[in-house]
Amino acid sequence: MNASNFSLRLLEWYARYGRELPWRGTRDPYRIWVSEIILQQTRVAQGYDYFLRFMGRFPDVETLAAATEDEVMHEWQGLGYYSRARNLHTAARQIVEMGGFPTDYEGIRSLKGVGDYTAAAIASLAFDLPRAVVDGNVYRVLSRYLGISTPIDSTEGKKLFAALAQEMMVPKRAADYNQAIMDFGALQCVPKSPDCLSCPLADSCQALAEGCVDTLPVKQHTTRVRDRYFTYIYIRCARETLLQRRGAGDIWQGLYQVPMRETERPMTAAEVEDWVGEYGRWTQLCTDHRHQLTHQRLHADFYLLEAERRPPIEGTWVMETDVQHYAVPRLVEDLIALVGGGCAAPD
Ligand code: SF4
């Protein structure tokens, strides 16, 4: 292995092909932090617009710290993985209490919601600290280039790749190197059918030499996906509708929704009738509307109840024209759009 050969070629590649992104070319730790949190579990193309909007609404850490949770969630609406937004908000308050953004790795790592990857990204991009990032792109590039089949989700694999990432980096160019390897993984050494023919590392890539590009990186656990069945009912009663706030301990904590029941299998018409039939006329709008989360596949049925009187279901009655001011999950947003309840499109 020749670390400097690898790193220098990577940096040359980055100078030519690196992505131009709105959070590049800055040393502002707040901007870098927000962009990194948005980009966790979000594609760059989608994250781009959200980042610009979020920065427009909360241009600095003080503004974010002073906002309410509802304001932050509303801005985050549609991005998913809402714990990211809650942690961002909590950490903004931590930073303001500290008197400013921490400038060392340990201080950055102590912020709520900041793990090893994000701390290394902020430390290197904002403060030039020689900390190598390790994300999915880095695992892929290093496992292929070095021909390593140790599972990346094993304790041994995590340690090994963290050490290798550190060893391969150019300490004096930590910011460029980290961005280079991530872009390289995102654009060149992609998960499926990487373009090895035009790769500047092809002559020394172990996986290519051994014909095992498609099998690397190795993961020991495949994630089991759970199916869940949700039945939502949008209640319309004298131009008002009922919203409920989701509690802790499940997805979408703190977001709003219309009344929903979760069952082991889709609810039958008779069950819906039992639930709300006595309060007015109900119609089914949509069946098995799917929404995929990392470990869950949600199956949603949507109903509209034109109620003659308010059913005794807990929640807050709001004017239908005000629904758009509440942060709701994407599924509920789809239902509101179907009903024509006035919810603004997310993007
Ligand atoms: S040769 Fe192929 S597998 Fe190896 S680093 Fe380049 S793109 Fe990745």
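Only the coordinates and a few stated rules stand behind these numbers; no lab work does. Bear in mind the structure is a predicted one, so any value in this text is a computation, not a measurement. Cβ sites come from the backbone with ideal geometry, for glycine too, and all protein chains shown count toward neighbours.
Structure notes:
- When +1 charges are put on Lys and Arg Cβ atoms and -1 charges on Asp and Glu Cβ atoms, the dipole computed for the chain relative to its Cα centre reaches about 660 debye.
- Its relative contact order, with pairs defined as Cα atoms under 8 Å and 6+ residues apart, puts the range 3-215 at 24 percent.
- Counting DSSP beta bridges with both ends in the range 226-339, the antiparallel % (nearest 5): 65
- DSSP assigns beta bridges within the chain; of those with both partners inside it, close to 65 percent run antiparallel.
- Ranked by the mean number of other Cβ atoms within 10 Å per residue, highest first, peptides 239-251, 327-339 order as 327-339, 239-251.
- The residues 172, 158, when put in order of fewest to most other Cβ atoms within 10 Å, stand as 172, 158.
- Label-point separation, residue 153 to residue 269 (7 Å along Cα→Cβ), nm: 4.2
- Farthest positive-ward along the range 102-241 dipole, Cα basis, beta-carbon charges - from 126, 221, 108: 221
- When only Cα pairs below 8 angstrom with a gap of at least 6 residues are kept, the range 226-339 shows a relative contact order of 37 percent.
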